[in-house]
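S.K.: Questions regarding the structure given below will be posed in turn.
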Amino acid sequence: MAKFILVGSGLAGGLLAAYLGRRGYEVDLYERRADPREGNIVGGRSINLAISTRGIHALEQIGIADEAMRHAIPMRGRMIHEKSGALHFAPYDVDPKKCINSIGRAALNATVIEAAQRYPNMRVHFSHKCTDVDLDTRTVQLETEHGQVTAHGDAVIGVDGAFSAVRQSMQLKIGNFQYDESYLAHGYKELSIPPGPGGSWQMEKNALHIWPRKSFMMIALPNPDGSFTCTLFWEFEGPRSFATTKSDEDVRRFFEDEFPDAVPLMPTLLEDFRENPTGSLVTIRCAPWYYRDKVCLVGDAAHAVVPFYGQGMNAAFEDCVVLDECLEQFPDNRERVFAEYFRLRKENADALADLAIGNFIEMRDKTASKTFRAKKKLDHLLEAALPGTYLPLYTMVTFTRMPYAMAAKRARLQDLLVYASLTLIITILVGAMVWFIAL
């Protein structure tokens with residue numbers, strides 16, 4: 001059996017190792033960080049995870065969905081917080097059973113790594129930082145506290161995130177490698193709302209909370225201990241921005257102006273704002289994702305997206321499913337496996353990148369709009385009236401496994417038909433009124 005070297009034991013790396021281990025491949029998984037199961041999670045940088053249909057399906061295929069989801073919290077819709085303190089709940093779907101799920105990164109990471117380690121042909125090596133990959137010899141150079149280590153396999157798979165060392169080696173050594181890296185003008189900072197008395201939730205538990213403020217926003221997702229992880233998405237530069245808001249007094253004034261209902265729930269606001277780093281939001285597109293039958297990229301290493309559709313992890317897990325299906329289809333032709341996986345996923349990854357940026361604008365700006373809420377209600381009415389025929393874009397992306405590109409195309413077509421129908425109805429009504437007045 002072939003031997004795979006996997007670089008990166010994050011969420012997708014651990015899951016892919018389990019898939020490969022199940023197929024009987026020899027797998028060596030290398031991770032630059034220490035074992036996350038020993039509490040080595042860096043705080044202050046995590047945008048909470050929202051797992052939905054695609055991600056759950058990937059966990060089901062390897063038999064760990066129930067185990068992974070036991071601490072997940074269902075979120076049935078968005079709770080919109082206006083400046084006045086007024087709340088508006090917008091369900092994600094006409095079916096109240098359809099929800100996205102808030103899930104802890106550390107617990108999920110531990111679950112997928114442990115699932116992979118159930119296979120005796122899979123080995124995991126923590127505190128091994130990849131410094132270089134020789135594409136032709138499929139050799140990985142790794143740095144440890146004891147010195148350099150060299151790993152060799154039949155194929156190397158980079159599952160090492162947006163700033164992938166494996167991808168960087170491909171960029172340097174593949175002449176026609178295409179690469180685009182674009183950052184939003186916004187950064188993010190993690191904040192927190194602690195549990196209430198007795199571990200109670202101080203806001204609605206089964207909702208994703210959003211404070212939309214036109215050019216910026218804050219969100220909050222529930223945790224099993226009764227706390228909420230909050231994330232402020234705000235401009236790096238500008239008259240009101242991370243750059244100009246430094247002192248405790250500036251921070252307090254900004255939050256009291258913009259998020260007055262949240263401030264009483266955030267006793268560590270000033271400390272969190274001061275001590276937690278400000279993260280950047282990057283979209284990465286590249287091609288190809290593979291080199292012959294020797295090297296391949298999966299997850300954020302191939303297609304990092306901004307987090308506003310809650311699909312980054314789901315898409316990475318879906319990569320694992322598709323790659324596994326390609327291995328099933330072409331077991332004796334690894335280059336065909338990598339090529340087919342790339343063909344099936346590239347268009348959809350690009351579509352998701354566009355959708356994620358579009359959803360940022362929707363979340364921060366449009367969710368507070370009465371017109372937008374009316375459009376969402378119309379979506380749900382049409383979905384209920386035309387089951388299986390009319391599906392809102394969010395439903396297709398989040399609650400089906402329809403390819404992202406197909407969902408985006410179908411949503412554009414549906415919108416054209418809806419707006420054309422409304423225009424026709426309005427024209428008929430106006431014509432009828434004119435006719436009656438003329439009589």
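S.K.: I'd like the chymotrypsin sites (Phe, Trp or Tyr not before Pro) in the range 151-213 restricted to DSSP loop residues with at most 13 other Cβ atoms within 10 Å, sorted by number. Intermediate values should be presented prior to the final figure.
M.R.: On the way: sites: Phe163, Phe177, Tyr179, Tyr183, Tyr188, Trp201; in loops: Phe163, Phe177, Trp201.
Here the chymotrypsin sites (Phe, Trp or Tyr not before Pro) that fit, given the DSSP loop and packing criteria, are Phe163.
S.K.: Which of Ile5, Phe233, Leu270 sits farthest toward the positive end of the charge dipole of the chain, with +1 on the Cβ of Lys and Arg and -1 on the Cβ of Asp and Glu?
M.R.: Of Ile5, Phe233, Leu270, it is Phe233.
S.K.: What dipole magnitude, in Debye to the nearest 20, does the range 83-175 give about its Cα centre under +1 on Lys/Arg Cβ and -1 on Asp/Glu Cβ?
M.R.: Dipole size: approximately 400 debye.
S.K.: Here is a further query. Treating only the Cβ atoms of Lys and Arg (+1) and Asp and Glu (-1) as charged, compute the dipole magnitude of the chain about its Cα centre; round to the nearest 20 debye.
M.R.: In total the dipole reaches around 1020 debye.
S.K.: A further question on this structure: Dipole magnitude of the range 283-332 about its Cα centre, charges +1 at Lys/Arg Cβ and -1 at Asp/Glu Cβ only, in debye to the nearest 20?
M.R.: Details: 3 positive and 8 negative charges, 70 e Å.
Rounded to the nearest 20 debye, it is 340 debye.
S.K.: Can you tell me which of 141-149, 341-349, 60-68 comes out highest on packing, and rank the rest after it, using the mean Cβ neighbours within 10 Å? Mind dumping the intermediate values first?
M.R.: Numbers: 141-149: 12.2, 341-349: 19.3, 60-68: 16.8.
Listed from highest to lowest mean packing, they are 341-349, 60-68, 141-149.
S.K.: Within 10 Å, count the other beta carbons around each residue, average over each peptide in 31-37, 52-58, and list them highest first. Intermediate results must be reported in sequence, preceding the final value.
M.R.: Details: 31-37: 17.3, 52-58: 22.3.
Ranked from most to least packed, the peptides come out as 52-58, 31-37.
S.K.: As I understand it, the dipole of the chain uses +1 on the Cβ of Lys and Arg and -1 on the Cβ of Asp and Glu, about the Cα centre. Which of Ala339, Phe360, Ala107 lies farthest toward its positive end?
M.R.: Value: Phe360.
S.K.: What is the packing order of peptides 304-315, 5-16, 236-247, taking the mean over residues of other C-beta atoms within 10 Å and listing the highest first?
M.R.: Listed from highest to lowest mean packing, they are 5-16, 304-315, 236-247.
S.K.: To the nearest 500 deg cm²/dmol, what mean residue ellipticity at 222 nm is calculated for the chain from DSSP H runs of n ≥ 4 alone, each contributing -39,500 (n - 2.57), summed and divided by the residues?
M.R.: -12500 deg cm²/dmol
S.K.: Let me check I have the definition right: for the chain, take the eigenvalues of the Cα gyration tensor, multiply each by 5, take square roots. What are those semi-axes in whole Å, largest first? Let's see the in-between values first.
M.R.: Working: eigenvalues 309, 164, 82 Å².
The answer is 39, 29, 20 Å, longest axis first.
S.K.: Another one. For Ile100, which sequence-distant residues (separation of 5 or more, or a different chain) have an amide H within less than 5 Å of its own amide H, given hydrogens modelled in the peptide plane?
M.R.: Amide H to amide H, under 5 Å and 5 or more residues apart or across chains, Ile100 pairs with Met75.
FYI, it's all coordinate maths here, none of it is from the lab. Keep in mind that this is a model prediction, so the values were computed, not measured. A quick note on method: Cβ atoms are made from the backbone with ideal geometry, for glycine too, and the neighbour counts reach across all protein chains shown.
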